[in-house]
Amino acid sequence: MAELIIIFREVLEASLIIGILFTYLKKSGNSGSMTLLWSGVGVAVLASILVSILFQNIVGGFEGSSSKIFEGIIMILASIVLTTMIVWMARNKNISQDLEDKARESLSSGFKYGIFILAFVAVFREGVEIILFLYAIAVKDGISIFPSVIGSLLGLFAGYAIFIQGVKIPLKKFFNVTSVFLIFVAAGMLTYGVH
């Protein structure tokens with residue numbers, strides 16, 4: 001269950017960020033930058049896959065007590081990242097305006113690849129978080145691929161519904177409820193990592 005909620009949330013966050021940038025580019029008449037936006041998303045997805053493969057190879061190289069130490073470090077790191085993400089989401093009231101300001105600044109500066117970098121960083125950050133969280137959950141409880149796939153599809157569908165179909169979803173309430181659940185997940189990761 002934890003992996004489904006985490007994956008859903010992370011994919012939804014990435015979808016929302018890309019949706020905000022997409023909507024801003026469309027409204028502001030910068031449709032020419034759409035290629036850079038989608039290129040940033042594509043490169044970030046590929047980079048996330050490569051980091052995942054690299055991470056799995058690094059994990060496989062540890063044996064004995066060094067494996068346990070590595071697992072503990074990753075568990076503690078994942079709990080810290082998860083907690084800071086929850087706090088950041090709670091503190092930032094107007095993420096949409098902040099992203100639009102960054103996009104406006106990027107376009108007005110004349111730096112051609114600013115939109116690409118915004119999209120890349122947003123998606124790649126979520127990808128790395130997913131890698132950390134899934135590894136931490138797999139170490140602690142084991143993992144099934146089915147909830148991860150369902151969470152990804154639900155996150156993409158929700159992002160599509162919000163930005164393309166204009167569906168109103170009470171996102172603040174959703175993030176508040178899942179944040180409470182994720183605080184317990186982060187606490188479990190920290191406890192397991194410290195043991």
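Mind running the shape call on the stretch 5-75? Use the C-alpha gyration tensor, a ≥ b ≥ c as the square roots of the eigenvalues: rounded below 1.5 for a/c, prolate if a/b tops b/c, oblate otherwise.
The shape class here is prolate.
Ignoring ligands, DNA and RNA, what accessible area per residue does the stretch 43-127 give at 1.4 Å, in Å²?
Accessible area per residue, the stretch 43-127: 61 Å².
Stretch Ser67-Arg104 to full length: gain in nm at 0.36 nm per residue minus the Cα-Cα span?
Gain on extension, Ser67 to Arg104, equals 8.7 nm.
Under a crude label model (7 Å from the Cα following the beta-carbon direction), how far is Ala90 from Trp38 in nanometres?
Going from the Ala90 label point to the Trp38 one covers 3.9 nm.
Name the residue from Leu16, Ile53, Ile137 whose Cα lies farthest towards the positive end of the charge dipole of the stretch 1-142, charges +1 on Cβ of Lys and Arg and -1 on Cβ of Asp and Glu.
Farthest along the dipole direction, towards plus: Leu16.
What order do Thr35, Thr178, Thr23 take when sorted by accessible area (1.4 Å probe), most exposed first?
Thr35, Thr23, Thr178
Compute the length gained on full extension between Phe181 and Val149: take 0.36 nm times their separation in residues and subtract their Cα-Cα distance, giving the result in nm to one decimal.
9.5 nm
To make sure I understand the rule: partners must be aspartates and glutamates, Cα under 17 Å from the Cα of Lys112, and not fewer than 8 residues away in the same chain. Which ones qualify?
Glu100, Asp101
In whole percent, how big is the carbon plus sulfur part of the accessible area of the stretch 34-118, probe 1.4 Å, protein atoms only?
Exposed carbon and sulfur together represent 66 percent of the surface.
The values are calculated or read from the model by the stated rules, or taken from the named source; none is laboratory data. This is a predicted model, so every value here is computed, not measured. Neighbour counts run over all protein chains shown; Cβ positions are idealised from the backbone, glycine included. For the accessible areas, the whole protein counts, side chains as well, though only heavy atoms, and no ligand, DNA or RNA atoms are used. Shrake-Rupley method; radii C 1.70, N 1.55, O 1.52, S 1.80 Å.
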